[in-house]
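Before any comments, here is the structure.
The values are calculated or read from the model by the stated rules, or taken from the named source; none is laboratory data. This is a predicted model, so every value here is computed, not measured. Glycine gets a Cβ as well: all are built from the backbone with ideal geometry, and neighbour counts include every protein chain shown.
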């Protein structure tokens, strides 16, 4: 009984350790020495930068830029502002204003670039985490580095970019237009996709990662968190950072550092100074200082490699790695050892065929049931009881952590219950064959399709060692078995939380599967528990308690405000107007404008102003026509030369607008096009189509300095060309022509969509 208690405690300790080792638990204060990073001092910058939403074109955007320039100048650096238009593959045009500085090194060679962005997401985010935290990390890190009086061998370039939230415009402008870009040998990029949690390291490279990982390990940051599986998955997702531009267009390698916890704050009005997790900011500093010390001295001309490393972090060992060339040898060795142990087990009659086959029933059953229960319960609750969850577009609800805990515990209860039904004393070794077999199959699939996840073989080797003891001894030491289970717990436990936090609760089933897989490798411990049904009931009750807790936090209040949306659109062509919303469930604020029975409309993907989460308008109502000032649209050049018609189009706003969206008719094709001096390249020489054009959106122009849109284009002379212009401002709540009441404290503007907008729709026909 005592040994079982000790084994249980060891397992709990391993799980807790796996999470506590991911980031520092105590942020540094102002009293720390001046050549060390101080979270308290960094927070001063965060507070100043995140006082107001500061996306491109807002007055606060200029204020933030001036603040950062002054802080860099106060460090003794010469600062320049790079300014110019950029049109990226996102089809978003913006006039970016990058902040740049450079510290000279003692030798020629490639430079180290420190990168973050200072614009916040339109239209309501305060940008404290994304990415005032990154800017503050760099400012405080530079101050500490300069105070250390350590002379760098390499130049250090500081780039606080602009327009990242719109389409990586500032990074594009720097990489393709600034003379310093050719000097960059490595980038350290600091980002956030939430307001808390550990900061994950993700590599961006066009080649192998071996030299990057080796140097990262030499720098020895105190809390390294990252693995090659995460980056393999990251590359499959539609998520980019400024560093992506450096890799794709400059062939420049780098490291991303981003925390993704508290994902519900991402791009919302909740991304403010108060909600930024101080430990997460400390973690960013814990990365920057050792990496700055190392890479300011290292040879940055020699970081390219054709070889890849599998890498992962675990409590107690930090960052571990081994070559991709080891993947198949390790896997083959594991398979051979497993086959030899099975053969030996049958020879000494420790294994029998019936029990081995029976062992697949509870294990495979737990994999299926844990996945179905985890996802099924959440799906039913979100669809039937909590339709308000659909308003949180990124899919991680305010009570998301409680759901993860609840579904993980339900999965654990299912595992105990199934093994209680099928397990018989004395067949632990036979029942261990199934989980090891499935783990080996997973590793084979990883080796074939997702090589970055091949470190899953590490727990398998420790499982084979446990299997050896199970064959040699009918009742091995439970404490020893628990200790041999540490690798699977230390490596895999954080994934149970990481996946649904980073990718949304729509993949809660992954947490259930992971719990089942981990439980399977702990059979040498749990198999000897006599009262598995009792454990199942007890854990199930705790899981139900978390489910009740999630229910109590399912509503919206001032701490968990409901996202909602309103857009006013005036159609200048037919002299009509309407109100629209993206919301699926109307609330008191939207109903005050849309009424009790608005017209329901199709929210088909690809519609005008759809979000990256494939959401469009859902309800609309006719509105009163307001006396808005229409934009100027002028065709100031129209000539035919040969088979082509050459047209110059001017679009200028007479009111303070945030963006101009230009849609082309489906039949529109062009030979050449230049927008505000930026030449648009054709996808193929013979094709007259806009590169990657979808849903007929030609481009979105995010306006700053009230600069007009100037388009020169050529197209077939017989083509009838038409455009639809949408000119939008985000001043619905402050515009004197409207009387829309402010939101109550339990509401926030819905992010990721055009919101709180006053829009004018106007057609432009070139006949």
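Some values worked out for this structure:
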read-out	value
Residue, nearest to the chain's Cα centre (by Cα), within the stretch 747-763, restricted to residues that are within 14 Å of residue 581 (Cβ to Cβ) and not in a loop (DSSP other than H, G, I, E, B)	749
Residue identified as touching a helix residue (DSSP H, G or I) at 6+ places or on another chain (Cβ under 7 Å) and either surrounded by 15 or more Cβ atoms within 10 Å (Cβ to Cβ) or within 21 Å of residue 696 (Cα to Cα) (or both) among 581, 615, 569, 633	581
Test for residue 483: is it at pLDDT 95 or above, in contact with a strand residue (DSSP E or B) (Cβ under 7 Å, 6 or more places away or on another chain) and under 19 Å from residue 315 (Cβ atoms)	no
Residue check for residue 166: crowded, with 24+ Cβ neighbours inside 10 Å, part of a strand (DSSP E or B), in contact with a strand residue (DSSP E or B) (Cβ under 7 Å, 6 or more places away or on another chain) and in the same structural domain as residue 300 (by TED's automatic domain parsing)	no
Evaluation of residue 320 against (1) surrounded by 16 or more Cβ atoms within 10 Å (Cβ to Cβ); (2) in contact with a strand residue (DSSP E or B) (Cβ under 8 Å, 6 or more places away or on another chain); (3) under 29 Å from residue 183 (Cβ atoms) (one fails), failing number	(3)
Condition broken by residue 479, with the remaining ones in (1) under 24 Å from residue 459 (Cα atoms); (2) buried (at least 17 other Cβ atoms within 10 Å of the Cβ) satisfied	(2)
Complete set of residues in the stretch 508-532 that are surrounded by fewer than 17 Cβ atoms within 10 Å (Cβ to Cβ) and at pLDDT 95 or above	none
Selected residue [over 24 Å from the mean Cα position of the chain (by Cα), touching a residue at least 12 places away in the same chain (Cβ under 8 Å) and surrounded by 24 or more Cβ atoms within 10 Å (Cβ to Cβ)] from 420, 434, 463	463
Test set (1) in a helix (DSSP H, G or I); (2) over 27 Å from residue 674 (Cβ atoms) - residue 123 fails condition number	(1)
Any hit, the stretch 357-371, residues being surrounded by fewer than 16 Cβ atoms within 10 Å (Cβ to Cβ), in the same structural domain as residue 540 (by TED's automatic domain parsing), in contact (Cβ under 8 Å) with a residue 12 or more places away in the chain and assigned to a helix (DSSP H, G or I)	yes
Residue identified as more than 27 Å from residue 231 (Cβ to Cβ) and out of contact with any helix residue (DSSP H, G or I) (no Cβ under 6 Å at 6 or more places or on another chain) among 373, 368	368
Strands (runs of 3 or more DSSP E) wholly inside the stretch 1-119 containing at least 2 residues that are more than 30 Å from residue 146 (Cβ to Cβ) and in contact (Cβ under 8 Å) with a residue 60 or more places away in the chain	79-87, 92-103
All positions within the stretch 228-276 that are farther than 22 Å from residue 563 by Cα, part of a helix (DSSP H, G or I) and at pLDDT 90 or above	228, 229, 242, 243, 244, 245, 246, 247, 248, 249, 250
Hey, residue 445 part of a helix (DSSP H, G or I), in the same structural domain as residue 533 (by TED's automatic domain parsing) and either crowded, with 16+ Cβ neighbours inside 10 Å or more than 36 Å from the chain's Cα centre (by Cα) (or both) or not	no
Matching option when the condition is in contact (Cβ under 8 Å) with a residue 24 or more places away in the chain, in contact with a helix residue (DSSP H, G or I) (Cβ under 9 Å, 6 or more places away or on another chain) and in a helix (DSSP H, G or I), among 145, 190	145
Candidate set: the stretch 565-602, residues that are closer than 16 Å to residue 754 by Cβ and in a loop (DSSP other than H, G, I, E, B); chosen: the one modelled with the lowest pLDDT	601
Residue within the stretch 549-568 that is over 22 Å from residue 268 (Cα atoms), in contact (Cβ under 8 Å) with a residue 12 or more places away in the chain, touching a strand residue (DSSP E or B) at 6+ places or on another chain (Cβ under 7 Å) and assigned by TED's automatic domain parsing to the domain that holds residue 736 present	no
Among the residues listed as 616, 527, the single one being over 18 Å from residue 397 (Cα atoms) and touching a residue at least 60 places away in the same chain (Cβ under 8 Å)	527
Of the criteria (1) more than 30 Å from residue 44 (Cα to Cα); (2) surrounded by 23 or more Cβ atoms within 10 Å (Cβ to Cβ); (3) out of contact with any strand residue (DSSP E or B) (no Cβ under 9 Å at 6 or more places or on another chain), which one residue 312 fails	(3)
All positions within the stretch 454-477 that are part of a helix (DSSP H, G or I), in contact with a helix residue (DSSP H, G or I) (Cβ under 6 Å, 6 or more places away or on another chain) and modelled with pLDDT under 95	none
Odd one out for residue 94, checked against (1) at pLDDT 95 or above; (2) surrounded by fewer than 24 Cβ atoms within 10 Å (Cβ to Cβ)	(2)
Condition check for residue 42: assigned by TED's automatic domain parsing to the domain that holds residue 525 and either crowded, with 18+ Cβ neighbours inside 10 Å or in contact with a strand residue (DSSP E or B) (Cβ under 6 Å, 6 or more places away or on another chain) (or both)	no
Single match in 710, 731, 705, 718 (criterion: surrounded by 14 or more Cβ atoms within 10 Å (Cβ to Cβ), over 30 Å from the mean Cα position of the chain (by Cα) and either touching a residue at least 12 places away in the same chain (Cβ under 8 Å) or not in a strand (DSSP E or B) (or both))	710
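This table checks each residue for (1) surrounded by 22 or more Cβ atoms within 10 Å (Cβ to Cβ); (2) part of a loop (DSSP other than H, G, I, E, B).
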position	(1), (2)
495	no, no
499	no, no
502	yes, no
559	no, yes
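Okay, residues lined up against (1) over 11 Å from the mean Cα position of the chain (by Cα); (2) touching a residue at least 12 places away in the same chain (Cβ under 8 Å); (3) surrounded by 23 or more Cβ atoms within 10 Å (Cβ to Cβ); (4) in the same structural domain as residue 46 (by TED's automatic domain parsing):
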{"residue": "204", "(1), (2), (3), (4)": "yes, yes, yes, yes"}
{"residue": "216", "(1), (2), (3), (4)": "yes, yes, yes, yes"}
{"residue": "227", "(1), (2), (3), (4)": "yes, yes, yes, yes"}
{"residue": "234", "(1), (2), (3), (4)": "no, yes, no, yes"}
{"residue": "241", "(1), (2), (3), (4)": "no, yes, yes, yes"}
{"residue": "245", "(1), (2), (3), (4)": "yes, yes, yes, yes"}
{"residue": "249", "(1), (2), (3), (4)": "yes, yes, no, yes"}
{"residue": "275", "(1), (2), (3), (4)": "yes, yes, no, yes"}
